[in-house]
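Q: My questions all concern the structure below.
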Amino acid sequence: MRIDGPHSGPYGKKVMTQTTSKIDAVRVSVLQARREGKRIACVPTMGALHEGHLSLIDEAKKLADYVVVTVFVNPTQFGPQEDFHKYPRPIEKDIAMCSSRDADLIFNPDVETMYPSTPGAKTFIEVPGLSEILEGAIRPGHFRGVATVVMKLFQIVMPDVACFGSKDFQQLAVIKQMVRDLNSPIQIVGCPTIRETDGLAMSSRNAYLSPEQRAVAIRLYEAMVFAKNQVTAGHSDLASIMSKMAEIITRDGAMTLDYAILANPTTLETLTQPQPEMVALVAARNGTTRLIDNMMMTPK
Ligand code: PAF
């Protein structure tokens, strides 16, 4: 079984995390870890790792003894006009970052490995309802691609637990629903969004932003903080709060709004009345880059 990349060093010297592009190699390594009684965690990513991803690895290490990070830019979750081809793929940097957090194995398959061009290979996973609103309405087929690749990765890694960022709030909801619906025993853990010092949620796509676009990107956060302050102060006119959120995001025409809503955190339906738990969900286009973010809030 071939594992690419260095995997052991003498005298406790810090070594690079093992990396493989082969499904069989993942299975063998995970099986070995299981034989040693280890609990397995999976951290699915598309690479271009940042502190947000590293916090997922840290969480995975707390929850399990053997952590597999998957790095795969999944073509089936991108629309034809989206950034699949330009999505950053700094694999050497990603490996170094995983090593810095002592991840045990990186699975970095190619497209043919994940989607062999077998005639008739047409099985996809659909999570109706949740997949069709908000991001799903704007990016048709996106969550079908996400659900399918995540289940494929689960079938390969067979983890006990998998960690995802909460920044992709709807994605996390879709994955939780999929796991429930398919009776999968895998524990899905949503980890807190990691933010830059000014509040912008970390995202691999922030790298696309020009300095001017980066400066206005912060308005998503401002809009959610505004909403949270209003809601926690007891204001109950949600329509007017949502309209003010939209105004903050689109001020000076710097960004184009996709949505700015206060929603039920489970169904993601837009609320008309305050509820004990609410989530602000925002999405906007900043030049050609789409940014999404969210914030939980509780009324007074
Ligand atoms: O959140 C991501 O990076 C991706 O959507 C995921 C979950 C790794 C599936 O490709």
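The values are calculated or read from the model by the stated rules, or taken from the named source; none is laboratory data. This is a predicted model, so every value here is computed, not measured. When we count neighbours, we look across all protein chains shown, and the Cβ atoms used for this are built from the backbone with ideal geometry, even at glycine.
Q: So which of S100, S55 is of a type outside the set (V, I, T) and within 14 Å of the chain's Cα centre (by Cα)?
A: S55
Yes/no matrix, rows are residues, columns are (1) within 13 Å of the ligand (Cβ to nearest atom); (2) at pLDDT 95 or above; (3) touching a Leu at 6+ places or on another chain (Cβ under 8 Å):
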position: I23; (1), (2), (3): no, yes, no
position: V43; (1), (2), (3): yes, yes, yes
position: A48; (1), (2), (3): yes, yes, no
position: S55; (1), (2), (3): no, yes, no
position: K61; (1), (2), (3): no, yes, no
position: Y66; (1), (2), (3): no, yes, yes
position: P88; (1), (2), (3): yes, yes, no
position: S99; (1), (2), (3): no, yes, no
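Q: Same structure again: What is the residue count in region 71-104 for residues that are over 21 Å from E135 (Cβ atoms), buried (at least 18 other Cβ atoms within 10 Å of the Cβ) and of a type in the set (S, T, N, Q)? Even if it seems obvious, please write down each step before you answer.
A: First, pick out the residues of region 71-104 that are over 21 Å from E135 (Cβ atoms): 71, 89-104.
Adding the requirement that they be buried (at least 18 other Cβ atoms within 10 Å of the Cβ) leaves 71, 94-95, 97-99, 101, 103-104.
With the extra rule that they be of a type in the set (S, T, N, Q), the set shrinks to 99.
Of the residues in that region, 1 qualify.
Q: Test A137 against the stated conditions and say whether it is among the aliphatic types (A, V, I, L, M), surrounded by fewer than 16 Cβ atoms within 10 Å (Cβ to Cβ) and closer than 23 Å to D293 by Cβ. So that I can check it myself, show each step before the final result.
A: Values: among the aliphatic types (A, V, I, L, M): yes; surrounded by fewer than 16 Cβ atoms within 10 Å (Cβ to Cβ): yes; closer than 23 Å to D293 by Cβ: yes.
When the stated conditions are applied, A137 passes them.
Q: Among the residues of region 119-132, is there at least one that is polar (S, T, N, Q), out of contact with any Phe, Trp or Tyr (no Cβ under 6 Å at 6 or more places or on another chain) and modelled with pLDDT under 95? Outline the logic, then answer.
A: As a first pass, look at region 119-132 and keep what is polar (S, T, N, Q): 123, 131.
From the residues that got through so far, the ones that are out of contact with any Phe, Trp or Tyr (no Cβ under 6 Å at 6 or more places or on another chain) too are 123.
Pick out the ones that are also modelled with pLDDT under 95 and you get 123.
Scanning region 119-132, I find at least one residue that is polar (S, T, N, Q), out of contact with any Phe, Trp or Tyr (no Cβ under 6 Å at 6 or more places or on another chain) and modelled with pLDDT under 95, so the answer is yes.
Q: Related question: Out of region 249-263, which residues are more than 20 Å from G136 (Cβ to Cβ) and either of a type in the set (D, E, K, R) or touching a Phe, Trp or Tyr at 6+ places or on another chain (Cβ under 6 Å) (or both)? Full working, then the answer.
A: Let us first name the residues in region 249-263 that are more than 20 Å from G136 (Cβ to Cβ), namely 249-255.
Those that are more than 20 Å from G136 (Cβ to Cβ) and either of a type in the set (D, E, K, R) or touching a Phe, Trp or Tyr at 6+ places or on another chain (Cβ under 6 Å) (or both): R251, D252.
Q: Being under 25 Å from Q32 (Cβ atoms), in contact with a strand residue (DSSP E or B) (Cβ under 8 Å, 6 or more places away or on another chain) and within 14 Å of the ligand (Cβ to nearest atom) narrows it down to one residue among V179, V150, V161; which is it? Break it down stepwise before answering.
A: Details: V179 fails: under 25 Å from Q32 (Cβ atoms); V161 fails: within 14 Å of the ligand (Cβ to nearest atom).
Exactly one residue qualifies, and that residue is V150.
Q: V127 - would you say it is within 14 Å of the ligand (Cβ to nearest atom) and under 26 Å from L268 (Cα atoms)?
A: Numbers: within 14 Å of the ligand (Cβ to nearest atom): yes; under 26 Å from L268 (Cα atoms): yes.
So V127 fits the description; yes.
Q: Here is a further query. Considering every residue within region 226-238, establish whether at least one is under 26 Å from I194 (Cβ atoms) and under 24 Å from the mean Cα position of the chain (by Cα).
A: Of the residues in region 226-238, the ones under 26 Å from I194 (Cβ atoms) are 226-232.
Restricting the remaining residues to those that are under 24 Å from the mean Cα position of the chain (by Cα) gives 227-228.
Yes, the conditions are met somewhere in region 226-238.
Q: For region 71-88, check the following and say yes or no: at least one residue is closer than 27 Å to P140 by Cα and touching a strand residue (DSSP E or B) at 6+ places or on another chain (Cβ under 7 Å). Step through it out loud before you land on a result.
A: The initial filter retains those residues of region 71-88 that are closer than 27 Å to P140 by Cα, namely 71-88.
Among the residues that remain, those that are also touching a strand residue (DSSP E or B) at 6+ places or on another chain (Cβ under 7 Å) are: 71.
Yes, region 71-88 contains a residue that is closer than 27 Å to P140 by Cα and touching a strand residue (DSSP E or B) at 6+ places or on another chain (Cβ under 7 Å).
Q: Then there's this: Which pairs do you get when a residue that is on the phi > 0 side of the Ramachandran plot and without any contact (Cβ under 8 Å) to a residue 60 or more places away in the chain, found in region 28-47, comes within reach of a residue that is more than 10 Å from the ligand (Cβ to nearest atom) and acidic (D, E), reach meaning Cβ atoms under 9 angstrom, with the pair 6+ apart or on two chains?
A: Matching pairs, first to second residue: G37/D65.
Q: Another question about this same structure. Looking only at region 62-103, which residues are in a helix (DSSP H, G or I) and over 16 Å from V146 (Cα atoms)? It would help to see each step written out before you state the result.
A: Applying the first criterion (in a helix (DSSP H, G or I)) to region 62-103 yields 62-63, 75-77, 91-100.
Of everything in region 62-103, those that are in a helix (DSSP H, G or I) and over 16 Å from V146 (Cα atoms) turn out to be K62, L63, I91, E92, K93, D94, I95, A96, M97, C98, S99, S100.
Q: So the check is Cβ under 8 Å with 6+ separation or different chains; which pairs have a first residue in region 168-180 that's without any contact (Cβ under 8 Å) to a residue 60 or more places away in the chain and a second one that's of a type in the set (S, T, N, Q) and buried (at least 23 other Cβ atoms within 10 Å of the Cβ)?
A: Partner pairs satisfying both residue conditions: V174/S131.
So that you can scan it fast, the table gives a plain yes or no per residue for (1) in contact with a Lys or Arg (Cβ under 7 Å, 6 or more places away or on another chain); (2) modelled with pLDDT of 95 or more; (3) farther than 28 Å from D83 by Cβ; (4) of a type outside the set (A, V, I, L, M):
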| residue | (1), (2), (3), (4) |
| --- | --- |
| R219 | yes, yes, no, yes |
| K228 | no, yes, yes, yes |
| S243 | no, yes, yes, yes |
| D252 | no, no, no, yes |
| T272 | no, yes, yes, yes |
| V279 | no, yes, no, no |
| R285 | no, yes, no, yes |
| T298 | no, yes, yes, yes |
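Q: Checking the structure you have, find out if any residue of region 264-275 is buried (at least 19 other Cβ atoms within 10 Å of the Cβ) and of a type in the set (S, T, N, Q).
A: no
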